[in-house]
1. Which of the residues spanning the range 72-103 are in contact (Cβ under 8 Å) with a residue 40 or more places away in the chain and touching a helix residue (DSSP H, G or I) at 6+ places or on another chain (Cβ under 6 Å)?
2. For the range 103-160, what are the residues that are crowded, with 19+ Cβ neighbours inside 10 Å and of a type in the set (Asp, Glu)?
3. I'm trying to understand the selection: among the residues of the range 97-115, which are out of contact with any Asp or Glu (no Cβ under 9 Å at 6 or more places or on another chain) and assigned to a loop (DSSP other than H, G, I, E, B)?
4. So, of the residues in the range 344-357 that are assigned to a helix (DSSP H, G or I) and without any contact (Cβ under 8 Å) to a residue 12 or more places away in the chain, which turns out to be nearest to Pro264 (Cα to Cα)?
5. Tally the residues that are more than 17 Å from Arg354 (Cα to Cα) and either modelled with pLDDT of 85 or more or out of contact with any Pro (no Cβ under 9 Å at 6 or more places or on another chain) (or both), restricting the search to the range 268-294.
6. Within the range 92-109, is even one residue closer than 30 Å to Tyr270 by Cβ and over 21 Å from the mean Cα position of the chain (by Cα)?
7. If you check Ala244 against the conditions, is it surrounded by fewer than 16 Cβ atoms within 10 Å (Cβ to Cβ) and under 16 Å from the mean Cα position of the chain (by Cα)?
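The values are calculated or read from the model by the stated rules, or taken from the named source; none is laboratory data. Just so we're clear, the structure is a prediction, and the values are computed from it rather than from any experiment. All Cβ positions, glycine included, derive from the backbone under ideal geometry; neighbour counts span all protein chains shown.
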Amino acid sequence: MPTYAYTARDGRGEPRADVIEAASEHDAVRALRAEGLTVTDIRLGKSVIDLDEVRRRQAARSVKRDEVIAFTAQMSVMLETGVPVAEALDAYLKQSARGALCRIVEVVADRINSGVAFSAALAEFPRVFPKMVVSLVQASEATGALGEMLGRVSSYLGKDRATFKKIRGALAYPAVMIVMALAVTGFLVTWVLPRFAKIYESRSAALPAPTRALLGASGFITEHGALIVSGIIALIVGAVLFRASDRGRTLIDWTKVRAPILGPIYRGYYLSRATRTLGTLLASGVSLPNAVRIARGVTENRAWEALWDEVLEAMTAGRPVGEVFLRSELLTPSFAQMIAAGERTGRLPDVLDRVAGVCEEDLDERIKTATQMIEPAVIVFMGATIGTIAIALLLPIFSMGSIMSQ
């Protein structure tokens, strides 16, 4: 009988790896499910997947960026005071609460004790330590300024995290308000309106046009609720699949940087992130082509990826990269001129850092302005939606009251 190696999770979510004999893969999965296991991987043969590796992958998915920022900051302090890397990692493990990041750090410490470079050990966990971080650490290993570089990494990650939180906070309030408005509207249409409809029908009242339209919509929704829910689910699934497609991602990314209110926010965010990353890499000794390739992966927007491709082509052809920025619509002329001037004078890292600082200040103002514009619009939307429903419900009562008073 064939043997299958598998990994699975038990009822508590803990990983498990073993082998099982079964007539087919389907029978093996069915037998494991009967034991209360959820199969995550199964293959023919007796080679069991390393359970420790499975646990490390799961731990890497749950590490938060704030934990990485704190880790690099603590390591920076210890290394700058003369503590060796291995001892610094051991000290971090002793003073930190057990968690996902500690599991990763344990593996990194083991790799270093076995002779692996610090940057190579970090590179094994790209979910936790991005390529930009690994490149900076690798550059610092050659210069012996690892402690200072980790401090720079912590500062970079902290600023990037703060900028992301600002944008998320600016979008969270309108999103919550819209969801609440839709929820209240759905409750009124599906639960309150049908009860008012029974009251009006029993009194045979001549309903005004807004009330008849609202009751008609309520009746349609209640009668075809399953079909409407299925349609909404289909739209959501279609949107997710479209977003995952190449054309969908391109359209959404270009819309982000061109939308009326949110476009300036996204442009400022991508510009500050790109210039901060590029400036930090160049100041740390990373070559310009490698720095551009890393910045391309950090930006995560098709419009910016196309810009970075043009920059790489310009460098290959021996043209100044400042010309590419001057032609781009993603940068304001003033920022493009600053970058071009920094390239001509050989002060590109300093100029990029200055541009990033100005972009972050400008981004703060844009977020405040957008929030001030979005909040009243959302409040008006909620008031108009709920107010329209309330007025349509009360119009027949007013009509009956005026008839009875005559």
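1. Thr72, Ala73, Met75, Ser76, Met78, Leu79, Glu80, Val85, Ala100, Leu101, Arg103 - these are the residues of the range 72-103 that are in contact (Cβ under 8 Å) with a residue 40 or more places away in the chain and touching a helix residue (DSSP H, G or I) at 6+ places or on another chain (Cβ under 6 Å).
2. Within the range 103-160, just Asp160 meets the criteria.
3. Ala97, Arg98, Ser114, Gly115 - these are the residues of the range 97-115 that are out of contact with any Asp or Glu (no Cβ under 9 Å at 6 or more places or on another chain) and assigned to a loop (DSSP other than H, G, I, E, B).
4. Going through the qualifying residues, I end up with Gly357.
5. Number satisfying all stated conditions: 9.
6. There is at least one residue in the range 92-109 that is closer than 30 Å to Tyr270 by Cβ and over 21 Å from the mean Cα position of the chain (by Cα).
7. Yes, satisfied.
Okay, residues lined up against (1) surrounded by fewer than 17 Cβ atoms within 10 Å (Cβ to Cβ); (2) farther than 23 Å from Leu171 by Cβ; (3) free of Cβ contacts under 8 Å to residues at least 60 places away in the same chain:
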residue	(1), (2), (3)
Val298	no, no, no
Arg302	no, no, yes
Asp309	yes, yes, yes
Arg327	yes, yes, yes
Gly342	no, yes, yes
Arg366	no, no, no
